[in-house]
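Some notes on the structure that comes next.
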Amino acid sequence: MLPAGASAAAGAAAPRTIAIDERLAADAHLRVGDRLVVRAGVDGPGDTVIVGAIVRRSADPSEVARDEYRVLMHLDELQTLTGYGDRVDRFAVATRDSAATDRAAGLINDDAFGFQAHRSRDIAVETSQTFLVVSRFHRAIGVITVVASAVFLLCIMLLKVDERRRDVAALRLMGISSATVLKSIVLEATLVAGVGSLLGVALGAVISAVVNVHYRGVYRTPLAFSIVTPGVVAFAVALSLVLGMAAGFLAARRLTRVNPLVLFGR
């Protein structure tokens, strides 16, 4: 066995470990166990370290467009390497609940001087303003698309129902009431809208998957750029059914109020 002093000296001389993100590992072809030399500057002194872990990048919207690498080091080693001393730019404090967070922020802001305490949620919102603008822009596009598609759907239903004027006239002359004809047309429009909404959901899911695969590869991040949620699916299907029923009702109502002989062109 080695003396205690020799063991301590051997431990102090052993290279420290660092953790690097998967983007740096992929670009520099690094693996766990590789030896690296880290230094604060090109000409400054360096320390030999061992890659102890490769960290997966988090799904943080504020880091998507940043083309930079991340290295995690022991605090004392980082202070020695940079010569920054016993100072920090920022640090995080974990609390039990929202009330404890408010109390801690209030105490720190009242007693400290030279820095400000913020909630991590507020910082995340502030750094994600670009994504909020994009989200609002997409919402505006969605509203315009829904309105335009509703008008287009109504025009298509009017044309399709108008093409069946002879069929409707024949049913009316056979003694079938206009209410029954109206219900049948509305039911058909509802079925068509239901099938179309299901096809639209499937198409949206495929496009969302393609978008995520593409942009996750471009930015090398696990962030989901497109999400098809149950709420979105329910809203889309409900809206499709309502618009289909409304368009079918308006088109059928317009046709059933006309005299059957007029529909035959007499």
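Observations on the model:
- Check on T145, at pLDDT 85 or above, among the β-branched types (V, I, T) and more than 30 Å from D27 (Cα to Cα): no
- Selection of region 29-77 for residues being of a type in the set (A, V, I, L, M), surrounded by 15 or more Cβ atoms within 10 Å (Cβ to Cβ), in contact with a Ser or Thr (Cβ under 7 Å, 6 or more places away or on another chain) and modelled with pLDDT of 75 or more yields A40, V49.
- For region 245-259, the candidate set comprises residues that are crowded, with 18+ Cβ neighbours inside 10 Å and either outside the structural domain of D167 (by TED's automatic domain parsing) or at pLDDT 80 or above (or both); within that set, the residue that is nearest to I176 (Cα to Cα) is A252.
- When R172, R166 are checked against the criterion of being in the same structural domain as V233 (by TED's automatic domain parsing), buried (at least 16 other Cβ atoms within 10 Å of the Cβ) and touching a residue at least 60 places away in the same chain (Cβ under 8 Å), R172 stands alone in meeting it.
- Against the list (1) of a type outside the set (K, R); (2) closer than 20 Å to G248 by Cα; (3) in a helix (DSSP H, G or I), the condition I176 fails is (3).
- Contacts under 7 angstrom Cβ, first residue in region 201-225 being in the same structural domain as D67 (by TED's automatic domain parsing) and aromatic (F, W, Y), partner surrounded by 13 or more Cβ atoms within 10 Å (Cβ to Cβ) and assigned to a helix (DSSP H, G or I), 6 or more apart: none
- Test: residue in region 212-219 that is of a type in the set (K, R) and at pLDDT 80 or above: yes
- Residue count for region 86-142, restricted to those that are modelled with pLDDT of 80 or more and among the aromatic types (F, W, Y): 1.
- Qualifying residue in region 182-196 (condition: assigned to a helix (DSSP H, G or I) and at pLDDT below 80): no
- Restricting V211, V228 to those that are of a type in the set (A, V, I, L, M, F, W, C) and assigned to a loop (DSSP other than H, G, I, E, B) reduces the list to V228.
- Summed over region 28-61, the residues that are under 21 Å from G217 (Cβ atoms) and either in contact (Cβ under 8 Å) with a residue 40 or more places away in the chain or in contact with a helix residue (DSSP H, G or I) (Cβ under 8 Å, 6 or more places away or on another chain) (or both) give a count of 9.
- Selection of first residues in region 73-97 that are over 24 Å from D47 (Cα atoms) and not assigned by TED's automatic domain parsing to the domain that holds L36 and of second residues that are among the hydroxyl-bearing types (S, T, Y) and surrounded by 13 or more Cβ atoms within 10 Å (Cβ to Cβ), restricted to Cβ pairs under 8 Å at least 6 apart or on distinct chains, gives the following pairs, ordered by first then second residue: T95/T101.
- The residues of region 87-117 that are part of a loop (DSSP other than H, G, I, E, B) and acidic (D, E), listed by number, are D89, D97.
The values are calculated or read from the model by the stated rules, or taken from the named source; none is laboratory data. Predicted, not measured: the structure shown is a model, and the values here were computed from it. With ideal geometry, Cβ positions are generated from the backbone for all residues, glycine too; neighbour counts draw on all protein chains shown.
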